[in-house]
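The values are calculated or read from the model by the stated rules, or taken from the named source; none is laboratory data. This structure is a prediction, so every number in the text was calculated from the model and none was measured. Note that each Cβ is placed from the backbone with ideal geometry, even for glycine, and that neighbours are counted across all protein chains shown. These area figures cover heavy atoms from the full protein model, side chains too; ligands, DNA and RNA do not enter into them. Shrake-Rupley method; radii C 1.70, N 1.55, O 1.52, S 1.80 Å.
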Amino acid sequence: MKKLLISLVVFMAMLSGCSGSTSPTADSLEIFGWEIGGEEDEQAMFPQMLSEQLGVDVTTNVPKDDYVKQLAAALASGEIYDLIYIQQENYYDLVNQGALMDLTDLIASSDVLSNPDILDPEVYLDPIEIDGGVYALPTKYEGGLVAAVRNDWLKEFNMEAPTTLEEWEAYFAKCKSEKDAFGVTLRGIDYIQPWMSAFNITEGLVEVEDGVYTVPYASDDAAAAWEWWNKMYMAGYLEPNFETNGSSDFRDQFMSGKTGSVGYWWHWIGQFDDKVQDDSSNTQDTFDTIAAPAALAPDGSRTLSIGDLSLMAIPANADSPELAIKFFEWLYSDEGSMATVFGYEGHDYNITADGSIELTAVGEEHNLNHGAANPVNETWEMPEGFESPNEADELVARQYVDETGVPVIKNADYGKINEIVAKYASQIIKGKISGEEGTKAMQEEIAALSNDDVTYKF
(Lines give C-alpha, C1' and ligand atoms only; values in the text may rest on other atoms or scores of the structure.)
Protein backbone atom coordinates (compact mmCIF):
# COMPACT_ATOMS: atom_id res chain seq x y z
CA MET A 1 0.00 0.00 0.00
CA LYS A 2 1.30 3.46 -0.81
CA LYS A 3 2.07 5.77 2.06
CA LEU A 4 -1.06 7.37 3.40
CA LEU A 5 -0.89 11.11 2.84
CA ILE A 6 -4.04 12.80 4.05
CA SER A 7 -3.92 16.51 4.77
CA LEU A 8 -4.55 17.99 8.18
CA VAL A 9 -7.56 19.75 6.67
CA VAL A 10 -9.08 16.36 5.94
CA PHE A 11 -8.65 15.25 9.52
CA MET A 12 -9.90 18.50 10.98
CA ALA A 13 -13.05 17.93 8.97
CA MET A 14 -13.20 14.34 10.06
CA LEU A 15 -12.68 15.03 13.74
CA SER A 16 -15.09 17.94 13.90
CA GLY A 17 -17.80 15.95 12.10
CA CYS A 18 -18.93 17.76 8.97
CA SER A 19 -22.56 18.69 8.60
CA GLY A 20 -24.44 15.96 6.86
CA SER A 21 -22.04 13.30 8.12
CA THR A 22 -23.26 9.77 8.55
CA SER A 23 -23.06 8.53 12.13
CA PRO A 24 -23.76 4.97 13.28
CA THR A 25 -25.77 4.28 16.37
CA ALA A 26 -24.13 3.22 19.64
CA ASP A 27 -25.23 -0.37 19.09
CA SER A 28 -23.68 -0.70 15.63
CA LEU A 29 -20.12 -1.18 14.41
CA GLU A 30 -18.85 0.48 11.23
CA ILE A 31 -15.64 -0.97 9.72
CA PHE A 32 -13.63 0.48 6.83
CA GLY A 33 -11.06 -1.48 4.89
CA TRP A 34 -10.92 -4.97 6.40
CA GLU A 35 -12.88 -8.18 6.15
CA ILE A 36 -12.30 -11.92 6.20
CA GLY A 37 -12.08 -13.09 2.63
CA GLY A 38 -12.17 -10.84 -0.40
CA GLU A 39 -14.18 -12.84 -2.90
CA GLU A 40 -17.27 -11.19 -4.31
CA ASP A 41 -19.64 -13.87 -3.01
CA GLU A 42 -18.19 -13.47 0.49
CA GLN A 43 -18.65 -9.72 0.86
CA ALA A 44 -21.90 -10.09 2.79
CA MET A 45 -20.69 -13.03 4.88
CA PHE A 46 -18.25 -11.15 7.09
CA PRO A 47 -20.61 -8.50 8.53
CA GLN A 48 -23.34 -11.14 8.88
CA MET A 49 -21.05 -13.51 10.79
CA LEU A 50 -19.62 -10.72 12.92
CA SER A 51 -23.10 -9.39 13.72
CA GLU A 52 -24.04 -12.83 15.00
CA GLN A 53 -20.81 -13.20 16.98
CA LEU A 54 -20.92 -9.74 18.58
CA GLY A 55 -24.68 -9.37 18.91
CA VAL A 56 -24.70 -5.95 17.21
CA ASP A 57 -25.29 -4.61 13.73
CA VAL A 58 -22.00 -4.64 11.77
CA THR A 59 -21.47 -2.96 8.42
CA THR A 60 -18.30 -2.88 6.33
CA ASN A 61 -16.91 -0.79 3.50
CA VAL A 62 -13.95 -2.44 1.77
CA PRO A 63 -12.77 -0.63 -1.38
CA LYS A 64 -11.14 -2.85 -3.97
CA ASP A 65 -9.14 -0.12 -5.74
CA ASP A 66 -7.25 3.04 -4.70
CA TYR A 67 -7.68 2.20 -1.03
CA VAL A 68 -5.66 5.12 0.29
CA LYS A 69 -7.58 7.66 -1.78
CA GLN A 70 -10.93 6.16 -0.87
CA LEU A 71 -10.13 6.16 2.84
CA ALA A 72 -9.09 9.80 2.61
CA ALA A 73 -12.26 10.68 0.71
CA ALA A 74 -14.47 8.82 3.19
CA LEU A 75 -12.94 10.59 6.17
CA ALA A 76 -12.94 13.98 4.45
CA SER A 77 -16.65 13.66 3.71
CA GLY A 78 -17.39 13.34 7.41
CA GLU A 79 -18.27 9.66 7.42
CA ILE A 80 -17.71 8.16 10.86
CA TYR A 81 -16.17 4.73 11.33
CA ASP A 82 -15.43 2.74 14.46
CA LEU A 83 -12.53 0.83 12.93
CA ILE A 84 -10.22 1.54 9.99
CA TYR A 85 -7.54 -0.65 8.47
CA ILE A 86 -4.04 0.84 8.12
CA GLN A 87 -0.48 -0.41 7.85
CA GLN A 88 2.30 0.47 10.23
CA GLU A 89 3.95 2.85 7.78
CA ASN A 90 0.72 4.92 7.78
CA TYR A 91 0.29 4.78 11.53
CA TYR A 92 2.75 7.47 12.61
CA ASP A 93 1.32 10.23 10.39
CA LEU A 94 -2.20 9.48 11.60
CA VAL A 95 -1.19 9.58 15.26
CA ASN A 96 0.71 12.83 14.78
CA GLN A 97 -2.35 14.37 13.16
CA GLY A 98 -4.60 13.39 16.07
CA ALA A 99 -6.70 11.10 13.90
CA LEU A 100 -6.56 7.97 16.06
CA MET A 101 -7.81 7.17 19.55
CA ASP A 102 -5.32 6.22 22.27
CA LEU A 103 -6.22 2.63 23.17
CA THR A 104 -3.90 2.25 26.17
CA ASP A 105 -6.60 2.38 28.86
CA LEU A 106 -9.03 0.29 26.81
CA ILE A 107 -6.40 -2.40 26.37
CA ALA A 108 -5.57 -2.40 30.08
CA SER A 109 -9.23 -2.78 31.04
CA SER A 110 -9.78 -5.79 28.75
CA ASP A 111 -9.02 -9.24 30.19
CA VAL A 112 -8.31 -10.47 26.66
CA LEU A 113 -6.20 -7.62 25.32
CA SER A 114 -4.16 -7.29 28.52
CA ASN A 115 -3.34 -11.03 28.53
CA PRO A 116 0.27 -11.38 27.27
CA ASP A 117 -0.34 -15.00 26.27
CA ILE A 118 -2.92 -13.78 23.77
CA LEU A 119 -1.51 -10.37 22.78
CA ASP A 120 2.24 -10.32 23.40
CA PRO A 121 3.09 -6.67 24.19
CA GLU A 122 6.74 -7.05 23.18
CA VAL A 123 5.74 -8.27 19.71
CA TYR A 124 2.67 -6.13 19.04
CA LEU A 125 2.50 -3.07 21.31
CA ASP A 126 6.05 -1.96 22.06
CA PRO A 127 6.93 -1.42 18.35
CA ILE A 128 4.04 1.04 17.88
CA GLU A 129 4.09 2.81 21.24
CA ILE A 130 4.26 6.59 20.84
CA ASP A 131 4.88 8.72 23.94
CA GLY A 132 3.44 5.99 26.14
CA GLY A 133 0.32 5.47 24.02
CA VAL A 134 -0.83 2.73 21.65
CA TYR A 135 -3.25 3.80 18.91
CA ALA A 136 -3.92 0.57 16.97
CA LEU A 137 -3.92 -3.21 17.31
CA PRO A 138 -2.68 -5.93 14.92
CA THR A 139 -4.81 -8.12 12.69
CA LYS A 140 -2.29 -11.00 12.52
CA TYR A 141 1.18 -12.23 13.39
CA GLU A 142 3.56 -10.82 10.80
CA GLY A 143 6.79 -12.45 11.93
CA GLY A 144 10.00 -11.29 10.34
CA LEU A 145 12.76 -11.83 7.84
CA VAL A 146 15.00 -14.87 7.56
CA ALA A 147 17.56 -16.10 5.07
CA ALA A 148 16.13 -18.99 3.04
CA VAL A 149 18.76 -21.43 1.81
CA ARG A 150 18.67 -24.55 -0.37
CA ASN A 151 18.92 -27.42 2.09
CA ASP A 152 19.23 -29.96 -0.73
CA TRP A 153 22.28 -28.07 -2.03
CA LEU A 154 23.77 -27.86 1.44
CA LYS A 155 23.56 -31.64 1.73
CA GLU A 156 25.11 -32.06 -1.71
CA PHE A 157 27.93 -29.67 -0.73
CA ASN A 158 28.36 -31.47 2.61
CA MET A 159 27.65 -28.20 4.44
CA GLU A 160 25.49 -27.04 7.33
CA ALA A 161 23.30 -23.93 7.17
CA PRO A 162 25.64 -20.91 7.19
CA THR A 163 25.93 -19.05 10.50
CA THR A 164 28.78 -16.59 9.75
CA LEU A 165 29.71 -14.44 6.77
CA GLU A 166 32.67 -16.71 6.08
CA GLU A 167 30.35 -19.70 5.89
CA TRP A 168 27.98 -17.76 3.64
CA GLU A 169 30.84 -16.89 1.28
CA ALA A 170 31.85 -20.55 1.13
CA TYR A 171 28.27 -21.52 0.30
CA PHE A 172 28.01 -18.79 -2.36
CA ALA A 173 31.21 -20.03 -3.95
CA LYS A 174 29.84 -23.57 -4.13
CA CYS A 175 26.61 -22.31 -5.71
CA LYS A 176 28.65 -20.65 -8.42
CA SER A 177 31.10 -23.49 -9.06
CA GLU A 178 28.79 -26.49 -8.63
CA LYS A 179 25.41 -25.14 -9.76
CA ASP A 180 26.34 -22.23 -12.04
CA ALA A 181 24.03 -20.17 -9.85
CA PHE A 182 24.31 -16.93 -7.93
CA GLY A 183 24.76 -17.28 -4.20
CA VAL A 184 22.11 -14.78 -3.23
CA THR A 185 19.44 -12.61 -4.83
CA LEU A 186 17.86 -9.48 -3.37
CA ARG A 187 15.05 -7.02 -3.98
CA GLY A 188 16.93 -3.76 -3.54
CA ILE A 189 17.97 -3.58 0.11
CA ASP A 190 14.60 -4.64 1.49
CA TYR A 191 15.44 -8.07 2.90
CA ILE A 192 19.13 -7.99 3.83
CA GLN A 193 19.00 -7.90 7.64
CA PRO A 194 19.90 -11.62 8.04
CA TRP A 195 23.36 -10.74 6.69
CA MET A 196 23.63 -7.22 8.12
CA SER A 197 23.36 -8.91 11.51
CA ALA A 198 27.03 -9.86 11.17
CA PHE A 199 27.94 -6.17 11.47
CA ASN A 200 25.77 -5.72 14.57
CA ILE A 201 23.51 -3.16 12.89
CA THR A 202 19.74 -3.19 12.67
CA GLU A 203 17.13 -2.08 10.17
CA GLY A 204 15.03 1.02 10.82
CA LEU A 205 15.52 3.82 13.31
CA VAL A 206 17.04 3.84 16.79
CA GLU A 207 16.01 6.53 19.28
CA VAL A 208 19.22 7.63 21.04
CA GLU A 209 17.46 10.22 23.18
CA ASP A 210 14.04 11.84 23.30
CA GLY A 211 13.20 12.99 19.77
CA VAL A 212 16.69 12.18 18.47
CA TYR A 213 17.18 9.23 16.11
CA THR A 214 19.99 7.54 14.27
CA VAL A 215 19.84 5.20 11.28
CA PRO A 216 22.12 2.15 11.69
CA TYR A 217 22.16 1.34 7.96
CA ALA A 218 23.63 4.82 7.37
CA SER A 219 26.08 4.75 10.28
CA ASP A 220 29.87 4.71 10.08
CA ASP A 221 29.75 1.02 11.04
CA ALA A 222 27.54 0.29 8.03
CA ALA A 223 30.33 1.23 5.59
CA ALA A 224 31.97 -2.17 6.10
CA ALA A 225 28.63 -3.94 5.59
CA TRP A 226 27.97 -2.27 2.25
CA GLU A 227 31.54 -2.99 1.15
CA TRP A 228 30.99 -6.68 1.98
CA TRP A 229 28.02 -6.63 -0.38
CA ASN A 230 30.30 -5.02 -2.97
CA LYS A 231 32.69 -7.94 -2.49
CA MET A 232 29.82 -10.37 -3.12
CA TYR A 233 28.80 -8.41 -6.22
CA MET A 234 32.31 -8.30 -7.67
CA ALA A 235 32.80 -12.03 -7.04
CA GLY A 236 29.66 -12.80 -9.03
CA TYR A 237 27.84 -14.15 -5.99
CA LEU A 238 25.14 -11.44 -5.84
CA GLU A 239 22.55 -11.54 -8.62
CA PRO A 240 23.26 -8.29 -10.53
CA ASN A 241 19.69 -7.10 -11.08
CA PHE A 242 19.03 -6.63 -7.36
CA GLU A 243 18.22 -2.93 -7.82
CA THR A 244 15.29 -3.55 -10.15
CA ASN A 245 14.01 -6.94 -8.96
CA GLY A 246 10.38 -7.05 -7.94
CA SER A 247 8.99 -9.53 -5.41
CA SER A 248 8.09 -12.12 -8.04
CA ASP A 249 11.43 -11.66 -9.84
CA PHE A 250 13.67 -12.61 -6.98
CA ARG A 251 11.34 -15.30 -5.64
CA ASP A 252 11.26 -16.92 -9.10
CA GLN A 253 15.05 -16.75 -9.36
CA PHE A 254 15.31 -18.68 -6.13
CA MET A 255 12.61 -21.22 -6.93
CA SER A 256 14.01 -21.90 -10.41
CA GLY A 257 17.49 -22.73 -9.10
CA LYS A 258 19.19 -19.59 -10.41
CA THR A 259 20.31 -18.57 -6.94
CA GLY A 260 21.11 -20.40 -3.72
CA SER A 261 19.57 -18.14 -1.10
CA VAL A 262 17.21 -15.24 -0.58
CA GLY A 263 16.09 -13.07 2.31
CA TYR A 264 12.32 -13.15 2.81
CA TRP A 265 9.49 -13.64 5.28
CA TRP A 266 9.73 -16.61 7.63
CA HIS A 267 6.50 -18.31 6.48
CA TRP A 268 7.82 -18.61 2.92
CA ILE A 269 10.16 -21.37 4.08
CA GLY A 270 7.30 -23.79 3.57
CA GLN A 271 5.63 -21.90 0.74
CA PHE A 272 8.73 -22.02 -1.47
CA ASP A 273 8.70 -25.82 -1.33
CA ASP A 274 4.95 -26.06 -1.92
CA LYS A 275 4.99 -23.73 -4.91
CA VAL A 276 7.87 -25.54 -6.61
CA GLN A 277 6.21 -28.91 -6.00
CA ASP A 278 2.95 -27.63 -7.54
CA ASP A 279 4.70 -26.05 -10.55
CA SER A 280 4.27 -28.35 -13.55
CA SER A 281 7.14 -26.58 -15.35
CA ASN A 282 9.63 -27.37 -12.60
CA THR A 283 12.47 -29.59 -13.84
CA GLN A 284 14.55 -29.74 -10.65
CA ASP A 285 15.10 -33.14 -9.12
CA THR A 286 14.91 -31.76 -5.58
CA PHE A 287 13.91 -28.52 -3.90
CA ASP A 288 14.11 -28.22 -0.15
CA THR A 289 14.51 -24.96 1.75
CA ILE A 290 15.31 -24.20 5.35
CA ALA A 291 15.97 -21.00 7.27
CA ALA A 292 19.48 -20.06 8.34
CA PRO A 293 19.98 -18.08 11.55
CA ALA A 294 20.95 -14.42 11.40
CA ALA A 295 24.67 -14.09 10.68
CA LEU A 296 26.77 -14.01 13.83
CA ALA A 297 28.22 -10.65 14.90
CA PRO A 298 31.66 -10.36 16.57
CA ASP A 299 30.02 -9.87 19.97
CA GLY A 300 28.05 -13.11 19.60
CA SER A 301 24.70 -11.44 18.87
CA ARG A 302 22.24 -12.14 16.06
CA THR A 303 19.55 -9.73 14.87
CA LEU A 304 16.64 -10.23 12.49
CA SER A 305 13.92 -7.74 11.50
CA ILE A 306 10.31 -8.01 12.61
CA GLY A 307 7.96 -6.91 9.84
CA ASP A 308 5.51 -4.04 9.61
CA LEU A 309 2.24 -4.72 11.39
CA SER A 310 -1.13 -4.75 9.65
CA LEU A 311 -3.27 -2.68 12.00
CA MET A 312 -6.83 -1.78 12.86
CA ALA A 313 -7.30 1.60 14.53
CA ILE A 314 -10.21 3.39 16.14
CA PRO A 315 -10.65 6.93 14.72
CA ALA A 316 -10.62 9.68 17.31
CA ASN A 317 -14.27 10.52 16.56
CA ALA A 318 -15.61 6.94 16.63
CA ASP A 319 -19.08 6.55 18.14
CA SER A 320 -18.59 3.01 19.46
CA PRO A 321 -15.03 2.45 20.75
CA GLU A 322 -16.27 -0.12 23.27
CA LEU A 323 -17.75 -2.18 20.42
CA ALA A 324 -14.51 -1.81 18.50
CA ILE A 325 -12.66 -3.28 21.47
CA LYS A 326 -15.23 -6.07 21.53
CA PHE A 327 -14.28 -6.74 17.89
CA PHE A 328 -10.61 -7.12 18.84
CA GLU A 329 -11.54 -9.49 21.66
CA TRP A 330 -13.44 -11.59 19.14
CA LEU A 331 -10.58 -11.43 16.60
CA TYR A 332 -8.13 -12.80 19.17
CA SER A 333 -10.53 -15.49 20.42
CA ASP A 334 -10.51 -19.12 19.25
CA GLU A 335 -13.59 -18.35 17.13
CA GLY A 336 -11.94 -15.34 15.52
CA SER A 337 -8.69 -17.19 14.93
CA MET A 338 -10.59 -20.04 13.33
CA ALA A 339 -12.43 -17.64 11.04
CA THR A 340 -9.31 -15.82 9.85
CA VAL A 341 -7.68 -19.13 8.93
CA PHE A 342 -10.53 -21.38 7.76
CA GLY A 343 -13.14 -18.83 6.70
CA TYR A 344 -16.88 -19.44 6.86
CA GLU A 345 -18.57 -22.62 8.01
CA GLY A 346 -20.83 -23.97 5.29
CA HIS A 347 -18.88 -22.09 2.64
CA ASP A 348 -15.19 -22.85 3.19
CA TYR A 349 -15.57 -25.85 5.47
CA ASN A 350 -18.07 -28.14 7.13
CA ILE A 351 -18.08 -29.91 10.47
CA THR A 352 -18.61 -33.65 9.98
CA ALA A 353 -20.63 -35.93 12.23
CA ASP A 354 -17.53 -36.95 14.19
CA GLY A 355 -16.59 -33.30 14.80
CA SER A 356 -13.73 -33.11 12.30
CA ILE A 357 -13.30 -30.34 9.73
CA GLU A 358 -13.73 -30.94 6.03
CA LEU A 359 -12.76 -28.24 3.54
CA THR A 360 -15.04 -27.47 0.62
CA ALA A 361 -13.67 -26.87 -2.88
CA VAL A 362 -13.76 -23.13 -2.09
CA GLY A 363 -11.88 -23.72 1.15
CA GLU A 364 -9.23 -25.68 -0.71
CA GLU A 365 -8.71 -22.72 -3.02
CA HIS A 366 -8.39 -20.31 -0.10
CA ASN A 367 -5.66 -22.51 1.38
CA LEU A 368 -6.25 -21.74 5.07
CA ASN A 369 -5.87 -17.99 4.80
CA HIS A 370 -8.75 -15.60 5.28
CA GLY A 371 -6.80 -12.56 6.37
CA ALA A 372 -4.60 -14.03 9.09
CA ALA A 373 -2.96 -17.33 8.27
CA ASN A 374 -1.01 -16.81 11.50
CA PRO A 375 -3.41 -15.46 14.14
CA VAL A 376 -2.30 -13.12 16.91
CA ASN A 377 -3.64 -15.47 19.60
CA GLU A 378 -0.84 -17.96 20.22
CA THR A 379 -3.05 -20.05 22.52
CA TRP A 380 -5.11 -21.11 19.48
CA GLU A 381 -4.01 -24.40 17.93
CA MET A 382 -4.43 -25.53 14.34
CA PRO A 383 -7.01 -28.34 14.21
CA GLU A 384 -5.60 -31.83 13.84
CA GLY A 385 -4.98 -32.90 10.26
CA PHE A 386 -4.27 -29.40 8.92
CA GLU A 387 -0.67 -29.00 10.06
CA SER A 388 1.73 -27.92 7.30
CA PRO A 389 3.93 -30.70 5.87
CA ASN A 390 6.77 -28.21 6.29
CA GLU A 391 5.72 -27.30 9.82
CA ALA A 392 9.01 -28.29 11.43
CA ASP A 393 11.07 -26.07 9.11
CA GLU A 394 8.56 -23.21 9.47
CA LEU A 395 8.69 -23.43 13.25
CA VAL A 396 12.49 -23.19 13.18
CA ALA A 397 12.23 -20.06 11.02
CA ARG A 398 9.66 -18.54 13.37
CA GLN A 399 11.83 -19.44 16.35
CA TYR A 400 14.73 -17.53 14.81
CA VAL A 401 12.49 -14.48 14.43
CA ASP A 402 11.00 -14.73 17.91
CA GLU A 403 14.37 -15.21 19.59
CA THR A 404 16.46 -12.68 17.66
CA GLY A 405 13.90 -10.41 15.96
CA VAL A 406 13.91 -6.68 16.64
CA PRO A 407 10.95 -4.45 15.63
CA VAL A 408 11.74 -2.10 12.76
CA ILE A 409 11.04 1.34 14.19
CA LYS A 410 9.75 3.79 11.60
CA ASN A 411 8.30 7.29 11.52
CA ALA A 412 6.76 9.63 8.98
CA ASP A 413 10.17 10.28 7.39
CA TYR A 414 11.16 6.67 7.04
CA GLY A 415 10.11 6.27 3.40
CA LYS A 416 12.45 9.10 2.42
CA ILE A 417 15.19 7.76 4.67
CA ASN A 418 15.01 4.32 3.09
CA GLU A 419 15.21 5.83 -0.39
CA ILE A 420 18.35 7.75 0.59
CA VAL A 421 20.01 4.66 2.06
CA ALA A 422 19.10 2.53 -0.97
CA LYS A 423 20.40 5.13 -3.42
CA TYR A 424 23.89 5.24 -1.96
CA ALA A 425 24.00 1.58 -0.91
CA SER A 426 23.48 0.55 -4.54
CA GLN A 427 26.37 2.77 -5.60
CA ILE A 428 28.64 1.23 -2.97
CA ILE A 429 27.62 -2.32 -3.89
CA LYS A 430 28.40 -1.66 -7.56
CA GLY A 431 31.77 -0.12 -6.70
CA LYS A 432 30.95 3.41 -7.85
CA ILE A 433 31.80 4.95 -4.46
CA SER A 434 33.46 3.69 -1.28
CA GLY A 435 31.57 2.62 1.81
CA GLU A 436 32.80 5.68 3.68
CA GLU A 437 31.76 8.05 0.89
CA GLY A 438 28.34 6.46 0.63
CA THR A 439 27.52 6.46 4.33
CA LYS A 440 28.68 10.06 4.71
CA ALA A 441 26.36 11.07 1.87
CA MET A 442 23.51 9.16 3.51
CA GLN A 443 24.11 10.92 6.81
CA GLU A 444 24.12 14.39 5.25
CA GLU A 445 20.84 13.87 3.40
CA ILE A 446 19.11 12.19 6.33
CA ALA A 447 20.27 14.86 8.79
CA ALA A 448 18.74 17.46 6.47
CA LEU A 449 15.31 15.93 7.18
CA SER A 450 15.53 17.08 10.82
CA ASN A 451 12.79 19.46 11.96
CA ASP A 452 11.27 20.89 15.13
CA ASP A 453 9.86 17.50 16.13
CA VAL A 454 12.68 15.10 15.26
CA THR A 455 16.47 15.23 14.86
CA TYR A 456 18.65 12.75 12.98
CA LYS A 457 22.09 12.37 14.45
CA PHE A 458 25.15 10.28 13.57
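The set of residues from the range 134-166 being open to solvent by 10 Å² or more (accessible area, probe 1.4 Å), closer than 24 Å to G307 by Cβ and not in a loop (DSSP other than H, G, I, E, B) comprises N151, L165. No other residue among D120, D126 is acidic (D, E), surrounded by fewer than 23 Cβ atoms within 10 Å (Cβ to Cβ) and in contact with a strand residue (DSSP E or B) (Cβ under 8 Å, 6 or more places away or on another chain) apart from D126. Within the range 78-100, is even one residue of a type in the set (V, I, T) and surrounded by fewer than 17 Cβ atoms within 10 Å (Cβ to Cβ)? Checked against the condition, which is being of a type in the set (V, I, T) and surrounded by fewer than 17 Cβ atoms within 10 Å (Cβ to Cβ), the range 78-100 yields no hits at all.
Looking across the range 220-263, just one residue is among the aromatic types (F, W, Y), open to solvent by less than 20 Å² (accessible area, probe 1.4 Å) and not in a helix (DSSP H, G or I), and that is F242. One residue is enough: does the range 45-65 have a residue meeting the conditions among the aromatic types (F, W, Y), in a helix (DSSP H, G or I), touching a Gly at 6+ places or on another chain (Cβ under 9 Å) and open to solvent by 30 Å² or more (accessible area, probe 1.4 Å)? Scanning the range 45-65 turns up no residue that is among the aromatic types (F, W, Y), in a helix (DSSP H, G or I), touching a Gly at 6+ places or on another chain (Cβ under 9 Å) and open to solvent by 30 Å² or more (accessible area, probe 1.4 Å).
Here is a yes/no grid of residues against (1) of a type in the set (A, V, I, L, M, F, W, C); (2) touching a residue at least 12 places away in the same chain (Cβ under 8 Å):
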| residue | (1), (2) |
| --- | --- |
| Q193 | no, yes |
| S197 | no, yes |
| N200 | no, yes |
| L205 | yes, yes |
| D210 | no, no |
| V215 | yes, yes |
| A218 | yes, yes |
| A224 | yes, yes |
| E227 | no, yes |
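Restricting attention to the range 347-403, and to residues there that are among the small types (G, A, S) and more than 25 Å from the chain's Cα centre (by Cα), which single residue is most open to solvent (accessible area, probe 1.4 Å)? Residue satisfying both the conditions and the ranking: A353.
Among the residues of this structure, L186 does not count as one that is open to solvent by less than 10 Å² (accessible area, probe 1.4 Å), under 29 Å from M312 (Cα atoms) and modelled with pLDDT of 95 or more.
Taking the range 71-133 and the helices (runs of 4 or more DSSP H) fully enclosed by it, the elements with 3 or more residues that are closer than 19 Å to A324 by Cβ are at 88-96, 104-108. Taking the criterion of being assigned to a helix (DSSP H, G or I) and closer than 14 Å to L238 by Cβ, the residues of the range 421-434 that qualify are A425, S426, I428, I429. Scanning the range 274-316 for residues that are without any contact (Cβ under 8 Å) to a residue 40 or more places away in the chain and not polar (S, T, N, Q) yields a total of 6. Residues of the range 1-44 that are outside any loop (DSSP other than H, G, I, E, B), among the aliphatic types (A, V, I, L, M) and modelled with pLDDT under 90: L8, V9, V10, M12, A13, M14, L15. Y171 falls short on exactly one of the conditions (1) under 16 Å from G307 (Cα atoms); (2) touching a residue at least 40 places away in the same chain (Cβ under 8 Å), and that condition is (1).
Flag: V68 matches the condition of being at pLDDT 70 or above, over 19 Å from M101 (Cα atoms) and either open to solvent by 70 Å² or more (accessible area, probe 1.4 Å) or assigned to a helix (DSSP H, G or I) (or both).
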